[in-house]
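Asker: Sharing a structure here in structure tokens format.
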Amino acid sequence: MSKLPPDVRKIAFIGDYLPRRCGIATFTTDLCRAVAGRFPDTVCFAVPVNDREEGYAYPPEVRFEIEEAEVDSYQRAADYLNLNDGELVCVQHEFGIYGGPAGSHLLALLRRLRMPVVVTLHTILHEPNDDQRRVMKELNELVAKFVVMSERGAQFLREVYHIAPERVVVIPHGIPDTPFVDPNYYKDKFDMDGMRVLLTFGLLSPNKGIENVIDALPRIVAEHPDVRYMVLGATHPNLLKRDGESYRLSLQRLAEANGVKKHLVFFNQFVEHEQLMEFIGAADLYITPYLNEAQITSGTLAYSFGAGKAVISTPYWHARELLADDRGTLVPFGDSEAMATAVLEMLGNENRRNTIRRNAYKLGREMIWPRVAERYMDVFREVRAVFRPRIKAADKDTLQHSAYDLPPLKLDHLFHLTDSTGLIQHATSTVPNYTEGYTLDDNARALMLTTLLESTKGAVGGQLRAAAHKYFGFLLHAFDRERKTFHNFMSYQRQWIEQPAESEDCHGRAVWALGTVIGRSENDGFCKLAAEMFALSCEAVPGFTSPRSWAFTLLAIHEYLRRYHGDRSIENAREILGERLFRARCEEGTDGWPWFEDRLAYDNAVLPHALILTGHWTGHTEMLERGLETLRWLAEIQTAPGGYFAPVGSNGFYIRGGDSARYDQQPLEASAMVSACLEAHRVTGDTFWATQAQMAFEWFLGRNDLGLPLYDSATGGCRDGLHWDRVNMNEGAESTLAFYLALTEMRRTRDALKTFETTVAS
């Protein structure tokens, strides 16, 4: 089995985001920054939801903004994420922060994504209405994993929403890592020296139950006149918009009526982390007097608990779980007398208060943001490793090609990548990437393709002939006649950026292209130039040590001998290189590892292909049999349990005694396998090899690990590879030529079969 990557490299976090003032915004910001800080090689960016037309002055990590009420905005966000190769999306979910009934606009985004989604649920209702239940049902279909912050939340997902337990992960609410300090250290910052400080913080709204604490204050201050109750937080924006500060004013009037006005201190502000932790640090007791149990998580509780505060709370779901085992005190909902009793007991018993503080602080070390970030990354890795995108209806049509229903040959993208110098090496999406320049490898492959198409009359035209001249011209320019070797890499400024013969394999491919021109082209001028270069370049190959360079040259020699059979010097070269490759297979291979080297790397099928071809045409029966045996082994290890082609990946390859890398799968491997298996079929007549060739070709069309096509029917090009969770959407020269060459081989075989059937029938 292949190893999982150390982390996910690009993550989008969706939800409210600071400076928007709400708890979800704070959480999303903290989580995004915590993952980025703990995993610096991971790109973390945010996609926030705006609840106002003017938006917010977001920080740099915000890349795209969603307008809450516009469903089209959610769809555009999905398109943006798909286009920018995000590897995973982490959504912060609460029904009220997204547009549509019960936040259903979010579903329009998730349906379009081509990457895995992890959702953190901040609200889990025990009795959802019809809209909420419908949204949760569809989330269950679209989401890979759900993160909840309490065991009660996990229980609700199982029992109320019927979500499989293995798709639910409990990760606590993250908190800052703060020292365990005496409250008196911070009190002077708020003119509270010598006072006993009670604290409640969060956006102010009637469901917080603050009036019950104010009703408890007369009893408390009767025994402790030095008590001050600090209420920190701005009024909730929605409440402020609707009712202004009427709720805050009602609390002030209640305090005045109870005779405790000077003991109630409001801080009507939304504070940043550093200042918030100073407020929490100054508190002797933290109080959350919420009015009902339906609170599955509370960020304010988590922050205060994790800072080692002695907490008194009503028994809502999150508090009941977090404050168990002597980590806090619970009082009944709406019971101001019980609240007063609990506060007096806590203030009057310092030993118990400190025991509760220490217990809370100890558990809180598991909740600090770096630890929470690690646990999220564990989930992200797991989800990405097993993710398989849903196949769109349009993609399914591509999968219907049978053995004799091949895609049309569409060379548009080849011409897009070709300029006056030759073939551009890479593309960004479908746009030529000039920065990467040119390679001999790609121009040699392109020359082979144009020659094969000319010989089959498959796509002869002025544009193709003009392109062939450019590719051949590149080979001529790349050849160093003095050294009898080739340059490979050329910058866009037409400067060679390495010395000749730095790549033996590149040299071998160039020789193969020249041999193909000699053996198949009807252009006499091409053939004359190719023959001259072929003779010189072959002289360098016996000094090479790369088995692939030998194999490429053997395939080249076969092409050359199609026209000049009887050339003793080239036939001798074939015998020498064939024997050398055969010996490598015999000496390196074992029963469990029938291969030429200690690893499977790239272009693997070309090695047995060369043995099969050379053994057959020289009458070397053992060489032929060994080549077929090796190719069969390669086919077996590259066939997935589902009966489709899954080549050895380039992210680690396959080293003897190790694990075969499953990704990143490259088009080059599928193309080489098509060519080798078709050769085996021509030599043996065994339909097994025709089936293997078809299987390898269908990898391009979507019969692969992800069920996604690499062939781009719109451009005719081919995408650059198959990753863990997505297709690499860039359409470079190597990948595109790999598809064109495989398709050309398949078409030649199909046409040969049709010709044979017609001859027999007549």
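The values are calculated or read from the model by the stated rules, or taken from the named source; none is laboratory data. Please read all numbers here as calculations on a predicted model, not as lab measurements. Cβ sites come from the backbone with ideal geometry, for glycine too, and all protein chains shown count toward neighbours. Keep in mind that these areas ignore ligands, DNA and RNA; they rest on the heavy atoms of the full protein, side chains included. Shrake-Rupley method; radii C 1.70, N 1.55, O 1.52, S 1.80 Å.
Asker: Condition first: buried (at least 16 other Cβ atoms within 10 Å of the Cβ), in contact with a Pro (Cβ under 7 Å, 6 or more places away or on another chain) and within 30 Å of Ser250 (Cβ to Cβ). Can you find one or more residues in the range 184-199 that meet it?
Answerer: Yes, the range 184-199 contains a residue that is buried (at least 16 other Cβ atoms within 10 Å of the Cβ), in contact with a Pro (Cβ under 7 Å, 6 or more places away or on another chain) and within 30 Å of Ser250 (Cβ to Cβ).
Asker: Assess whether Ala34 counts as being touching a helix residue (DSSP H, G or I) at 6+ places or on another chain (Cβ under 9 Å) and over 20 Å from His273 (Cβ atoms).
Answerer: So Ala34 fails the test.
Asker: Out of the residues in the range 10-49 meeting the condition of being acidic (Asp, Glu) and in a loop (DSSP other than H, G, I, E, B), tell me which one is surrounded by the fewest Cβ atoms within 10 Å (Cβ to Cβ).
Answerer: Asp41
Asker: Going by the conditions given, is Glu588 of a type in the set (D, E, K, R), open to solvent by 60 Å² or more (accessible area, probe 1.4 Å) and farther than 14 Å from Met673 by Cβ?
Answerer: Taking the combined requirement at face value, the residue satisfies it.
Asker: Given the conditions (1) under 45 Å from the mean Cα position of the chain (by Cα); (2) open to solvent by 20 Å² or more (accessible area, probe 1.4 Å); (3) among the aromatic types (Phe, Trp, Tyr), report the number of the one that Trp595 does not fulfil.
Answerer: (2)
Asker: A further question follows. Which residue, of Arg158, Arg114, is of a type outside the set (Ser, Thr, Tyr), more than 25 Å from His236 (Cβ to Cβ), open to solvent by 10 Å² or more (accessible area, probe 1.4 Å) and part of a helix (DSSP H, G or I)?
Answerer: Answer to the selection: Arg158.
Asker: Then there's this: Go through Ala530, Ala535 for me and flag whichever is surrounded by fewer than 20 Cβ atoms within 10 Å (Cβ to Cβ) and either out of contact with any strand residue (DSSP E or B) (no Cβ under 7 Å at 6 or more places or on another chain) or not aliphatic (A, V, I, L, M) (or both).
Answerer: On the way: Ala530 fails: surrounded by fewer than 20 Cβ atoms within 10 Å (Cβ to Cβ).
The unique qualifying residue is Ala535.
Asker: Which ones in the range 350-387 are β-branched (Val, Ile, Thr), in a helix (DSSP H, G or I), under 22 Å from Leu323 (Cβ atoms) and touching a residue at least 60 places away in the same chain (Cβ under 8 Å)? Even if it seems obvious, please write down each step before you answer.
Answerer: Of the residues in the range 350-387, the ones β-branched (Val, Ile, Thr) are 355-356, 368, 372, 379, 383, 386.
Okay, now just the ones that are also in a helix (DSSP H, G or I), so 355-356, 372, 379, 383, 386.
Checking the rest, the ones that are also under 22 Å from Leu323 (Cβ atoms) come to 355-356, 372.
Within the range 350-387, just Val372 meets the criteria.
Asker: On the given criteria, is Arg520 under 36 Å from the mean Cα position of the chain (by Cα) and among the basic types (Lys, Arg)?
Answerer: Taking the combined requirement at face value, the residue does not satisfy it.
Asker: Anything in the range 117-135 that is in a loop (DSSP other than H, G, I, E, B) and either charged (D, E, K, R) or more than 25 Å from Met377 (Cα to Cα) (or both)? List them, or say none. Write out each step before concluding.
Answerer: From the range 117-135, those in a loop (DSSP other than H, G, I, E, B) are 122-129; that's our starting set.
Selection gives Leu125, His126, Glu127, Pro128, Asn129.
Asker: In the range 568-585, how many are within 17 Å of Ser549 (Cβ to Cβ) and either open to solvent by less than 10 Å² (accessible area, probe 1.4 Å) or touching a helix residue (DSSP H, G or I) at 6+ places or on another chain (Cβ under 8 Å) (or both)?
Answerer: Looking only at that region, the number is 12.
Asker: Given (1) open to solvent by less than 10 Å² (accessible area, probe 1.4 Å); (2) closer than 22 Å to Val35 by Cβ; (3) not in a strand (DSSP E or B), where does Asp85 come up short, assuming only one miss?
Answerer: Status for Asp85: all satisfied but (1).
Asker: I would also like to ask the following. Name the single residue, out of those in the range 206-250 being farther than 23 Å from Ala340 by Cβ and hydroxyl-bearing (Ser, Thr, Tyr), that is least open to solvent (accessible area, probe 1.4 Å).
Answerer: Thr235
Asker: Would you list the helices (runs of 4 or more DSSP H) that sit entirely within the range 187-296 and hold 3 or more residues that are free of Cβ contacts under 8 Å to residues at least 24 places away in the same chain?
Answerer: 237-243, 246-257
Asker: Being among the charged types (D, E, K, R), at negative phi and modelled with pLDDT under 95, is that true of even one residue in the range 463-471?
Answerer: Start the filter on the range 463-471 by keeping residues that are among the charged types (D, E, K, R), which leaves 465, 470.
The next check asks that each one be at negative phi; those that pass are 465, 470.
In the following step, the residues that additionally are modelled with pLDDT under 95 were identified as 465.
Yes, the range 463-471 contains a residue that is among the charged types (D, E, K, R), at negative phi and modelled with pLDDT under 95.
Asker: On to the next question. Would you mention how many residues in the range 117-133 are open to solvent by 10 Å² or more (accessible area, probe 1.4 Å), more than 18 Å from Glu159 (Cβ to Cβ) and in contact with a helix residue (DSSP H, G or I) (Cβ under 8 Å, 6 or more places away or on another chain)?
Answerer: Counting residues in the range 117-133 that are open to solvent by 10 Å² or more (accessible area, probe 1.4 Å), more than 18 Å from Glu159 (Cβ to Cβ) and in contact with a helix residue (DSSP H, G or I) (Cβ under 8 Å, 6 or more places away or on another chain) gives 2.
Asker: Just to be sure, is Glu745 open to solvent by 20 Å² or more (accessible area, probe 1.4 Å) and within 14 Å of Leu406 (Cα to Cα)? Step through it out loud before you land on a result.
Answerer: Numbers: open to solvent by 20 Å² or more (accessible area, probe 1.4 Å): yes; within 14 Å of Leu406 (Cα to Cα): yes.
Criteria met by Glu745.
Asker: Okay, next question. Of Arg483, Arg465, Arg520, Arg494, which residue is of a type outside the set (Ser, Thr, Tyr), over 26 Å from Val606 (Cβ atoms) and in contact (Cβ under 8 Å) with a residue 24 or more places away in the chain?
Answerer: Just a single option satisfies the conditions, and that option is Arg494.
Asker: Can you find a residue in the range 655-675 that is part of a helix (DSSP H, G or I), more than 25 Å from Trp593 (Cβ to Cβ), touching a residue at least 60 places away in the same chain (Cβ under 8 Å) and not acidic (Asp, Glu)?
Answerer: For the range 655-675, residues part of a helix (DSSP H, G or I), more than 25 Å from Trp593 (Cβ to Cβ), touching a residue at least 60 places away in the same chain (Cβ under 8 Å) and not acidic (Asp, Glu): present.
Asker: While we're here: Give the residues of the range 75-130 that are within 20 Å of the chain's Cα centre (by Cα) and of a type in the set (Phe, Trp, Tyr), sorted by residue number.
Answerer: Passing the criteria: only Tyr80.
Asker: Taking the condition in a helix (DSSP H, G or I), of a type outside the set (D, E, K, R) and more than 25 Å from the chain's Cα centre (by Cα), does Gly153 pass? Spell out the reasoning first.
Answerer: On the way: in a helix (DSSP H, G or I): yes; of a type outside the set (D, E, K, R): yes; more than 25 Å from the chain's Cα centre (by Cα): yes.
Taking the combined requirement at face value, the residue satisfies it.
Quick grid of which residues meet (1) of a type in the set (A, V, I, L, M, F, W, C); (2) modelled with pLDDT under 90; (3) open to solvent by 30 Å² or more (accessible area, probe 1.4 Å):
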{"position": "Ser675", "(1), (2), (3)": "no, no, no"}
{"position": "Leu678", "(1), (2), (3)": "yes, no, no"}
{"position": "Arg682", "(1), (2), (3)": "no, no, yes"}
{"position": "Gly685", "(1), (2), (3)": "no, yes, yes"}
{"position": "Thr691", "(1), (2), (3)": "no, no, yes"}
{"position": "Phe697", "(1), (2), (3)": "yes, no, no"}
{"position": "Leu706", "(1), (2), (3)": "yes, yes, no"}
{"position": "Gly721", "(1), (2), (3)": "no, no, no"}
{"position": "Arg726", "(1), (2), (3)": "no, yes, yes"}
